[in-house]
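Before any comments, here is the structure.
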Amino acid sequence: DGGPVGANSNSLYNGTSWTSGNPTTQYAYASVGLGTQTAGIVAGGYQNVGNVETYNGSSWTETTDLNTARTQGGNNVGTYTATLFMSGATGSPSWPTAKTEVEQWDGSSWTEIADVNTGRRSTSGAGTTTAAVTAGGLSSGYEAKTETWNGSSWTEAGDLNTARVYLASLGTSSTAAIAAAGAVPGSTSALVEQWNGSAWTEIADVNTSAEARSGSGSYTEGIVFGGDTPPGKKANTEHWNGSSWTEVSDLATA
């Protein structure tokens, strides 16, 4: 139906440069992924994909599907054996429907748990399966809303200063996270905000404004990479040292 075309390539960063790794078994676009270079997971994607794959450092293996197939879920929560797939969307790429469903992964199966209050797609996220935060995204419009998870329910908390979608996430804690770049109405964004558990504060911008960038690391040390500045894809990688962003080696393929 004219939707985006997925890829199954895999790239590995060693702190200095990128190398190619073994591809996933399925093509994927706008899936959720997290973990380490030797223990990872990817889930969901266009078009309404429920597929889930795990990575052992050398190869990908298909495992238990999501209960609700969807794309553009909230990301960056927990580990590859204990994570959340938050919200997301179903339907065609042209007319997606934001979902409120949240599923928890225990390393072998997915279980539906308490819904978020506002269904959104392409949010920022951080934390664990018992203490998480999700922010931003797209529902009927661009969202600044933030919700926190205490292991049993979701509670609305302090909004982002700037409503955005397609954000990159850094952080492993529900009280110390970063939401970087993304899209605002009519353009991409270089804005970065830091979460302290109750409020967001604007900090140093990334050097390259783009949406749909990926993020990896903590709120004091990490990278953001790739992304899109329609109509062109980005290969840029930037390193965060806790106070500033520095451009480092690009991805081999934008």
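The values are calculated or read from the model by the stated rules, or taken from the named source; none is laboratory data. Every value quoted in this text rests on a predicted model; they were computed, and no experiment measured them. Reconstructed Cβ throughout: ideal geometry from the backbone, glycine too, with neighbour counts over all protein chains shown. All accessible areas refer to the heavy atoms of the entire protein, side chains included, with ligands and DNA or RNA removed. Shrake-Rupley method; radii C 1.70, N 1.55, O 1.52, S 1.80 Å.
Some observations on this one:
- Boolean, A180 is part of a strand (DSSP E or B), in contact with a Gly (Cβ under 8 Å, 6 or more places away or on another chain) and under 22 Å from Y142 (Cβ atoms): yes
- Subset of the stretch 37-59 (residues that are surrounded by 21 or more Cβ atoms within 10 Å (Cβ to Cβ), within 23 Å of D115 (Cβ to Cβ), modelled with pLDDT of 90 or more and not hydrophobic (A, V, I, L, M, F, W, C)): G44
- Condition met for G127 (at positive phi and either touching a strand residue (DSSP E or B) at 6+ places or on another chain (Cβ under 6 Å) or not hydroxyl-bearing (S, T, Y) (or both)): yes
- The set of residues in the stretch 152-188 being more than 16 Å from the chain's Cα centre (by Cα) and more than 23 Å from V102 (Cβ to Cβ) consists of N161, T162, V184, P185, G186, S187, T188.
- Hits in the stretch 212-254 (condition: among the charged types (D, E, K, R) and farther than 24 Å from V77 by Cβ): K233, K234, E247, D250
- The set of residues from the stretch 170-184 being over 17 Å from V32 (Cβ atoms) and either of a type in the set (D, E) or open to solvent by 20 Å² or more (accessible area, probe 1.4 Å) (or both) comprises S173, S174, T175, V184.
- Test set (1) in a loop (DSSP other than H, G, I, E, B); (2) in contact (Cβ under 8 Å) with a residue 24 or more places away in the chain; (3) open to solvent by 40 Å² or more (accessible area, probe 1.4 Å) - E62 fails condition number: (1)
- Total residues in the stretch 211-254 satisfying the condition of being of a type in the set (D, E) and loosely packed, with under 15 Cβ neighbours inside 10 Å: the figure is 2.
- Taking (1) open to solvent by less than 40 Å² (accessible area, probe 1.4 Å); (2) in contact (Cβ under 8 Å) with a residue 60 or more places away in the chain; (3) not acidic (D, E) in turn, S11 satisfies each apart from (1).
- Breaking point among (1) of a type in the set (G, A, S); (2) without any contact (Cβ under 8 Å) to a residue 60 or more places away in the chain; (3) assigned to a loop (DSSP other than H, G, I, E, B), for G50: (3)
- Looking across the stretch 65-80 at every residue that is more than 18 Å from A168 (Cβ to Cβ) and of a type in the set (A, V, I, L, M, F, W, C), the one that is surrounded by the most Cβ atoms within 10 Å (Cβ to Cβ) is identified as L66.
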